Amino acid sequence: MKRSILITLAIAAALSCTACGSTDSGTTSRRKFASAETTTAAPTEAAASAYEESTTEAASEEVTTTAETTSSEEETTTAAAVETTTAEAAPAGGEAPAEDVIKTEAPSPEDADYAPAPAKHDIAGITYIQGALIANKTYSLPADFAPGLDPTCENQFYKMTNDASKQGLYIYFASGFRSYEYQSQIYNNYVARDGQAVADTYSARPGHSEHQSGLAIDVNSIDDSFALTPEAKWLADHCHEYGFILRYPQGKEDITGYQYESWHVRYVGTDLSYAIRNSGLTMEEYFGIDSKYKD
Ligand SMILES: [Zn+2]
């Protein structure tokens, strides 16, 4: 009974939150994803300076994407460096950056509104680029990686929603960390109902959901109706001030691999949230990576 309620809830949540939600696969235990760590960035304590370093480095460096390396487990996936970090640069995907991104300066570590990057997990099988964990259709997470909701992410989320409430806006937590197993359950239900090919179009495979990283949060109604609310506008305009990015923007479906999700934010810390925001790019474009299943 409980179980079926859970499943129903899961389905409801996943239905609306594709990227977030869903699925993966049958190919679940697909060969280990190469990724070891691409550590351009250092341990989070040093995040601040590390970031600066890596960002600068990255800017001038050419991205050597390591897709090939992915096949050997031993190999550490090297990080693709940032390909384009400036707003002038045309996004890889063709779509122009959102109109007039107003650039704002990221807070320094001494500032009260500085938010550090999330703690890094020293676990093989997780891909990091410049200290940022990557989970998309190309880069998966190990099945046993179950960190729960990141505490910094959680604190920053509530700081954000508290500030929003001062504007009379009600932004609430709807869904955060989801385990590999939970995602599998959701996905398998979809596959049973619609077949894998169809399920894959609206649901993330297990291991590929950003929610498994503990760094993603869905807010409010988790559906398209949210996009029309003042809360959604405020979130899109201000989430970077708290270290979040709107992970799946409108018109970037082919790049992020997911439909527009006005309700899904990803925590990265203010160094990166401002950098990505100011670039007008998606996370994939910013790092010069793709988001596609291998099969
Ligand atoms: Zn989500």
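Read-outs throughout are calculated quantities, based only on the coordinates presented, and are distinct from any laboratory measurement. Every value quoted in this text rests on a predicted model; they were computed, and no experiment measured them. Cβ coordinates were reconstructed from backbone atoms using ideal geometry, including for glycine residues, and neighbour counts include every protein chain displayed.
Assuming R0 = 22 Å, what is the FRET efficiency of Asp223 and Lys103, from their Cβ-Cβ distance, to the nearest 0.05?
E between Asp223 and Lys103, to the nearest 0.05, is 0.10.
Using a cut-off of 12 Å between beta-carbons, work out the net charge of the residues near Phe157 (Lys and Arg +1, Asp and Glu -1, Phe157 not included).
-2
Considering amide H positions built from the backbone, and no H for Pro or chain starts, which residues 5 or more places from Lys120, or on another chain, come under 5 Å of its amide H?
Correct list: Thr44.
If each residue's Cβ is checked for other Cβ atoms within 10 Å, how do Asp200, Asp122, Asp295 rank with the fewest at the top? Write out the running numbers ahead of the final one.
Working: Asp200 20, Asp122 10, Asp295 7.
Ordered from fewest to most neighbouring Cβ atoms within 10 Å, Asp200, Asp122, Asp295 come out as Asp295, Asp122, Asp200.
Add +1 for every Lys or Arg and -1 for every Asp or Glu among the other residues with Cβ under 11 Å from the Cβ of Glu210, and state the total.
It works out to a net charge of +2.
Using Cβ contacts closer than 10 Å as the measure, can you line up Tyr128, Tyr267, Tyr170 from fewest to most?
Least to most surrounded, the residues fall as Tyr170, Tyr128, Tyr267.
Could you please report the charge total around Ala227, scoring K, R as +1 and D, E as -1 over all other residues with beta-carbon less than 12 angstrom from its beta-carbon?
Numbers: positive: Lys233; negative: Asp223, Asp224, Glu231, Glu261.
Once all neighbours under 12 Å are counted, the net charge is -3.
If R₀ is 30 angstrom, what is the calculated FRET efficiency for the pair Tyr172 and Lys294, using the beta carbon separation as r and rounding to 0.05?
That pair, Tyr172 with Lys294, gives E of 0.25.
Kindly state, to the nearest 0.05, the FRET efficiency for Val198 paired with Asp122, given R0 = 35 Å and r defined as their beta-carbon distance.
Between Val198 and Asp122 the formula returns 0.40.
Determine ³J(HN,Hα), in whole Hz, for all residues of the stretch 231-244 in sequence, where each value follows from phi through the Karplus function 6.51 cos²θ - 1.76 cosθ + 1.60 and θ = phi - 60°; x replaces Gly and Pro.
4, 5, 5, 4, 4, 5, 7, 10, 4, 5, 5, 10, x, 10
With label points built 7 Å along Cα→Cβ from the Cα atoms of Lys159 and Lys233, find their separation and express it in nm.
Inter-label distance under the simple model: 2.6 nm.
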